[in-house]
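Data first, discussion second: the structure below is written as structure tokens.
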Amino acid sequence: MSVHSSRKRLVAGNWKLNGSLDGNSRLLQELLVQPDAQADCDVLVCVPYVYLPQAADILKGSAIAVGAQDVSVHVKGAYTGEISAAMLADVGCRWVIVGHSERRQYHQESSAQVAAKVVAALDAGLTPIVCIGEQLADRETGQETCVVQDQLEPIKALGAEVLTKLVLAYEPVWAIGTGLTATPEQAQQMHQQIRAYMELDQLRILYGGSVKADNAAELFAMPDIDGALVGGASLDAQEFLRIVAA
């Protein structure tokens, strides 16, 4: 068995700031109609905080897991508006996205803060999906590898034992929500560099950035791409299932 085939594919949907009780119910019920498509793939949906209990209830007992889109570094206390990892676990959440480019950009999250969130998530039994990726200007000036390695440095410093418990998601920022997608070869090159830098063959590395059903198979065919973090396409059940089955 090759290293690639020994790493089970993972497809995670990131709903971002979208959803309603009625709409979520319809979407999640549609996802449950085709369980066979998920046999060889771990599947999860990362929904807004307020909808986590609803999603966990609808998906209970299914092969689809529930994740959150962020988590606090704090366990409890006077931190108005924060949500702890233990709270997420308490309502049935098993995964959490940390360090998404939108958090880094709009909330000025540092890579050190992202590493702290990884620790908080793991301490509560959650599996973090750690996002990294460069801006368009970084790629145009040939700095993409340095930028990504700088983001990874505090994660790598947590040690190999911690790294075996998390997932990475490489998302070139210029390809998120823009309709642009890194070519499979561009994505593979960065995934290969990330894996070499992290020095851990079994580490699962997802690709994110305008992943759709019509490009998923090409991306998944690359030896170092272990799945996808899917944005807008995860809001369409049939499109998302086609990505899972790609």
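The values are calculated or read from the model by the stated rules, or taken from the named source; none is laboratory data. Since we're looking at a predicted model, the values are computed, not measured. Note: ideal-geometry Cβ built from the backbone for every residue, glycine included; neighbour counts use all protein chains shown. Surface accessibility is based on the protein's heavy atoms, side chains included, excluding ligands, DNA and RNA. Shrake-Rupley method; radii C 1.70, N 1.55, O 1.52, S 1.80 Å.
Any chance you could run the full-extension gain for Tyr106 through Ala63? It's 0.36 nm times the residue separation minus the Cα-Cα distance, nm to one decimal. Spell out each step's value before the answer.
Values: separation 43, 0.36 × 43 = 15.48 nm, distance 3.31 nm.
This chain segment gains 12.2 nm when fully extended.
Within 10 Å, count the other beta carbons around each residue, average over each peptide in 169-175, 229-235, 68-74, and list them highest first.
Numbers: 169-175: 24.6, 229-235: 22.7, 68-74: 20.1.
So the peptides 169-175, 229-235, 68-74, ranked by packing, come out 169-175, 229-235, 68-74.
Would you pull out the residues with amide H under 5 Å of Arg9's amide H, same chain only if 5 or more places away, H placed 1.01 Å from N?
Asp42
Would you tell me the accessible area of Thr181, worked out with a 1.4 angstrom probe on the heavy atoms of the protein chains, in Å² to the nearest 10?
Rounded to the nearest 10, that gives 40 Å².
Gly133's amide H: which non-local residues (gap 5+, or another chain) put their own amide H closer than 5 Å, with H modeled 1.01 Å from N in plane and none for Pro or chain starts?
HN-HN under 5 Å from Gly133: Glu171.
In straight Cα distance, which lysines are under 21 Å from Lys165, not counting same-chain residues fewer than 8 positions off?
By straight Cα distance, Lys165 reaches Lys8, Lys117, Lys156.
So what are the ³J(HN,Hα) numbers for the stretch 107-113, from phi and the Karplus equation (6.51, -1.76, 1.60; θ = phi - 60°), rounded to whole Hz, Gly and Pro as x?
Going residue by residue, I get 10, 6, 6, 8, 5, 5, 5 Hz, with x marking Gly and Pro.
Between Val148, Val211, Val50, which gets the highest mean-square fluctuation from a Gaussian network model of the chain, Cα cutoff 10 Å?
Among Val148, Val211, Val50, the largest mean-square fluctuation in the Gaussian network model of the chain belongs to Val50.
Using only the alpha carbons of the chain, determine the length spanned along each of the three principal axes and report them from longest to shortest in whole angstroms.
Taking the Cα atoms of the chain, the three principal extents are 45, 45, 36 Å.
Gain in length, Thr178 to Val33, computed as 0.36 nm per residue apart minus the alpha-carbon separation, to one decimal in nm?
Between Thr178 and Val33, full extension yields an extra 49.2 nm.
List the lysines whose Cα sits under 17 Å from the Cα of Lys16, skipping any in the same chain fewer than 8 residues away.
Lys212
What residues have an amide H closer than 5 Å to that of Val230, excluding those fewer than 5 places away on the same chain, when H is modeled at 1.01 Å from N in the peptide plane?
Ala12, Gly13, Asn14
Tabulate in residue order the Karplus-calculated ³J(HN,Hα) for the stretch 64-78, using 6.51 cos²θ - 1.76 cosθ + 1.60 with θ = phi - 60°, rounded to whole Hz; enter x for Gly and Pro.
So the J values, rounded to whole Hz, are 9, 8, 10, x, 9, 9, 5, 7, 7, 7, 8, 8, 6, x, 7.
Tell me, how many Å apart are the Cα centres for the stretch 169-246 and for the stretch 50-65?
Result: 24 Å between the Cα centres.
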